[in-house]
Every structure is written in C-alpha cells, then in structure tokens.
1. How about the range 129-155: which of its residues are part of a helix (DSSP H, G or I) and either buried (at least 16 other Cβ atoms within 10 Å of the Cβ) or in contact (Cβ under 8 Å) with a residue 40 or more places away in the chain (or both)?
2. Go through the range 86-115 and report how many residues are part of a helix (DSSP H, G or I) and either in contact with a Gly (Cβ under 7 Å, 6 or more places away or on another chain) or closer than 17 Å to Leu160 by Cα (or both).
3. Would you pick out the residues in the range 206-253 that are crowded, with 20+ Cβ neighbours inside 10 Å and within 21 Å of Val159 (Cβ to Cβ)?
4. Among the listed residues Ile97, Ile102, identify the single one that is surrounded by 11 or more Cβ atoms within 10 Å (Cβ to Cβ), of a type in the set (A, V, I, L, M) and either assigned by TED's automatic domain parsing to the domain that holds Leu221 or at pLDDT below 90 (or both).
5. Give me a count of the residues in the range 24-51 that are loosely packed, with under 11 Cβ neighbours inside 10 Å, at pLDDT 80 or above and assigned to a helix (DSSP H, G or I).
6. Are any residues in the range 201-221 more than 15 Å from Leu109 (Cβ to Cβ) and either not assigned by TED's automatic domain parsing to the domain that holds Leu60 or not in a helix (DSSP H, G or I) (or both), and if so, which ones?
Amino acid sequence: MKMRKTAYPYVIWLGIFIVIPLLLILYFAFTTGDSQNLSAFKFSLDNFKRFFTPIYLKVLGRSVNLALISTILCLILGYPAAYIIAKEKVRKRNVMILMFVIPMWMNFLLRTYAWLTLLGRNGLINTIITKIGFQPLDLIYNDKAVLLGMVYNFLPFMVLPIYSVLVKIDKNLIEAAEDLGANKTTVFSKVIFPLSIPGIMTGITMVFIPAVSTFIISSLLGGNKYNLIGNLIEQQFRWTGDWHFGSSMSIILMIFILITMALTSKFDKDKEGGGGGLW
C-alpha cells in the first residue's frame, strides 16, 4: 500500500525525533568507549552487567515500589472522584472535570516547586503548626514527600480515563439490574465496576509509567536523598558523562515499561468500556 504524500511530514518527524534518538540510545547502550570519539566505540554488554548489581537493582526496586504505591493511592482517590463526577449533571460535571484539568495547565516543575513552600521547614504548614504551639514536622526530603508529589501530579491521569469510561456506561444496563432486584451495592459490583475496568487499567498505566521514570519529583521533594532510576539516568547524561551506562539503563527501563503495558493491556480488551449512555 502506497503512503500518501500528506503523511511524509509525519514520517519525517517520527524518524528525526523518535527513531534516530532510539537508535542512538541502542548504539550507546551496547558499546563502550569515549563518548567524544565515536570511532573508538566497541561492542560490549558490560553496561547491562554493571546495572544488574545489588546497588542499582535496589534503586530500581525502590522506584517500582514508590510507583506502585502512588498508583494504588491514585486509584483509591481517583475512582471515587471519577464515580462522583460521572453521576453529576452535565454542567456541574464539566466544572468538576475542569477543576482537575486546570492544575495541569501549569508547568510540571512549577507545580512540584509549589510543594516546597508548603512542606518546607519554614513552609506554610509548619508555620501554622508552630503558631498553634507544636514542634515543626519533618514533611519534606523523604519518601512520603515524594509519594505526595507523585499522587498530586498524576492523580488526573487516573481520574480522567475512569471518568471517560463511567460516563459512557449505558443507563439501561443499570435500570435493568435494578428492575431485577439488585441493590446499589450489587449494581456497582456486578455492572458498573466490571464495565469500568478498561478505564482503571488505562489509568494504572498512565500513572505507573511516569511515576516509575520520574526524576524531578524525587530531586525536589526527596532532596536527592532517595534516588530513583530516573535520577540515575539523568546523572549519567548530565553530570557523570557516561552516556553508555545511561543508555543501557534507559533501555532496561523501556523494556520494563513495555512489559507493564503488555500486562495491563490484557485486562483492557474493550477500549470503550460500555455503551454510550449517561447517568
């Protein structure tokens, strides 16, 4: 099948900004040598062997653990929020969705910086606590602060997919279940929740992937005390200058993300999540 001429700009864009960088990462990952002298590179698997040592596997484990916890927290908070929004009338529903979307219009880095003014030793929260008469709390530069930053930044990515599925569930299915004698709990467990699983899996994917690869949140709110895999990759490219090891870690992270997407896609057979009805 011939490619249309109108598709050429998109193909060129994909080639320059996706394919070529990916090939360069692969090339650096499977070679060793001086990054300034391409001709001196030698094929090697040492970069991958170096990663599979306890110190780096521990960082990967910490990254996955925090990403899983933040994903679970986003699901616990996001599903009820999406369910409540989906049940509202159209005008009120749109306003509530807008409230979730508006913070996303702000730069990601600025949103994370804002938490420094809230959680810092002399931040707003500790200022209020000390004025009440209590000792200031250690709210920042720990795993809890990193988790808070993840949940705050990625919660909309959980709410919106679940909401988009819930709002499409056919109202007739719910009425039919009620006519057959099902109470609200049964309707939710037997009808609404099963039909919303595609949205849940999409939300899990959209939260877990950026959470496991983030480095800004852990740098600012973790104070570089809790390095994640994203921080290690950034350090290799920006400070250490070992592009080979940084590329190998990027490849490993990409493979891990692809496996995660493959697993979640098995639960997401029906992308529409139900009929086109409305509560």
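The values are calculated or read from the model by the stated rules, or taken from the named source; none is laboratory data. In this text, all values refer to a predicted model and were calculated from it rather than measured experimentally. No Cβ is skipped: glycine too gets one built from the backbone with ideal geometry, and neighbour counts run over all protein chains shown.
1. Just the residues of the range 129-155 that are part of a helix (DSSP H, G or I), to begin with: 129-132, 143-155.
Residues satisfying the conditions are Asp143, Ala145, Val146, Leu147, Leu148, Gly149, Met150, Val151, Tyr152, Asn153, Phe154, Leu155.
2. So in the range 86-115, the residues part of a helix (DSSP H, G or I) come out as 86-87, 90-105, 108-115.
After this cut, where a residue has to be either in contact with a Gly (Cβ under 7 Å, 6 or more places away or on another chain) or closer than 17 Å to Leu160 by Cα (or both) as well, the list is 86-87, 90-105, 112, 115.
So the count comes out to 20.
3. Within the range 206-253, Val207, Phe208, Ile209, Ala211, Val212, Thr214, Ile217 meet the criteria.
4. Numbers: Ile102 fails: surrounded by 11 or more Cβ atoms within 10 Å (Cβ to Cβ).
Every option except Ile97 fails the conditions.
5. 1
6. If we filter the range 201-221 for residues that are more than 15 Å from Leu109 (Cβ to Cβ), which is where we start, we get 201-209, 211-213.
The answer is none; no residue qualifies.
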